[in-house]
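The values are calculated or read from the model by the stated rules, or taken from the named source; none is laboratory data. The structure presented is a predicted model; accordingly, all values stated were derived computationally and were not measured. We place every Cβ from the backbone using ideal geometry, glycine too, and count neighbours over all the protein chains shown. What goes into the accessible areas is simple: the full protein's heavy atoms, side chains included, and nothing from ligands, DNA or RNA. Shrake-Rupley method; radii C 1.70, N 1.55, O 1.52, S 1.80 Å.
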Amino acid sequence: MEHKKIVIPSLSFFQDELKGEGVVKSRRTLGELAGIFENQDAYSQLPLDQLAYEVYSYLPEREGTPGGLYFGITQLYPGKVGDEYFMTKGHFHTILDTGEVYYCLSGHGYMLLESPEGDWSLQEMTPGEAVYVPKRYAHRSINIGDTPLVTFFVFRGDAGHDYGTIETKGYRNL
Ligand code: PAN
Ligand code: ZN
């Protein structure tokens, strides 16, 4: 029987970016965050094409493949909409029983967690600290500093993302 040598890509974290073959970069502008900020007047005065965050993801398995891990880096830029700090859209995982690890590389912020039952927690994120997102909890990062909030994340690759629940119901307890 022939044994093939497997190819493990080399990946590097450099200057708050994840580099390497197979890394996918995505971005969200303020325009894509419609409805998450309280102050609609303040929101409407900001440019819709202003960058709010960028995500570098290494997705070694096809979406839905069991047993794999997805990981990467999010750079959430500093800024405010009225009195609210820039934040990520926030999501549950489609497979609700998915935990996720966040590790803060730089910046200062919070991770807002909420379960479908409405249990919630706000976890501070400072460089060197890790936040464990328990399974079943929606998660949203908030940058309260004046530099990018840079976090490493890892979660099961078949978890999927459910943005709709937060879009329609929001975070209910804050
Ligand atoms: C992260 C997030 C990333 C952007 O990779 O997807 O920080 O946040 P939104 O996905 O809420 O826009 C993660 O939690 N993945 O599961
Ligand atoms: Zn997640």
Cα extents of the stretch 15-174 along the three principal axes, largest first (Å): 45, 39, 27
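Sum -39500 (n - 2.57) across every DSSP H segment of at least 4 residues in the chain, then divide by the residue count to get the 222 nm mean residue ellipticity, nearest 500. Display every interim value, and only then the final one.
On the way: 2 runs with 11 residues, N = 174.
Only helices count here, giving -1500 deg cm²/dmol.
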Peptides 89-95, 20-26, 109-115 ordered by average Cβ neighbours within 10 Å, highest first: 109-115, 89-95, 20-26
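Only four residue types carry charge here, +1 at the Cβ of Lys and Arg and -1 at the Cβ of Asp and Glu. Report the dipole size of the stretch 72-145 about the Cα centre in Debye, rounded to the nearest 20. The partial results should precede the final answer.
Values: 5 positive and 9 negative charges, 45 e Å.
It comes to approximately 220 debye.
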Per-residue ³J(HN,Hα) for the stretch 64-75, Karplus 6.51 cos²θ - 1.76 cosθ + 1.60, θ = phi - 60°, Hz, x for Gly and Pro: x, 6, x, x, x, 10, 10, 8, x, 10, 10, 10
The stretch 1-135 - percent relative contact order, Cα under 8 Å, separation 6 or more: 17 percent
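Only Lys, Arg, Asp and Glu count, each charged at its Cβ (+1, +1, -1, -1), so figure out the dipole size of the stretch 35-99 about its Cα centre, rounded to 20 debye.
Working: 3 positive and 9 negative charges, 34 e Å.
Once rounded to the nearest 20, the dipole reads 160 debye.
At a 1.4 Å probe radius, carbon and sulfur cover how many percent of the accessible area of the chain? Kindly include the intermediate steps, with their values, before the conclusion.
Values: 5070 of 9850 Å².
Looking at the chain in its full context, I get 52 percent from C and S.
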Cα-centre dipole for the chain with unit charges at Cβ (Lys and Arg positive, Asp and Glu negative), debye to 20: 440 debye
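Around C104, under 12 Å between beta carbons, what's the net of Lys plus Arg minus Asp minus Glu among the other residues?
On the way: positive: none; negative: D16, E124, E129.
Counting the neighbours of C104, the net charge comes to -3.
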3J(HN,Hα) from dihedral phi, the stretch 132-145, Karplus parametrisation 6.51/-1.76/1.60, rounded to Hz, x for glycine, proline: 9, 8, x, 4, 6, 9, 5, 9, 9, 9, 10, 9, 9, x
Residue-level accessible surface for I8, protein heavy atoms, 1.4 Å, Å²: 130 Å²
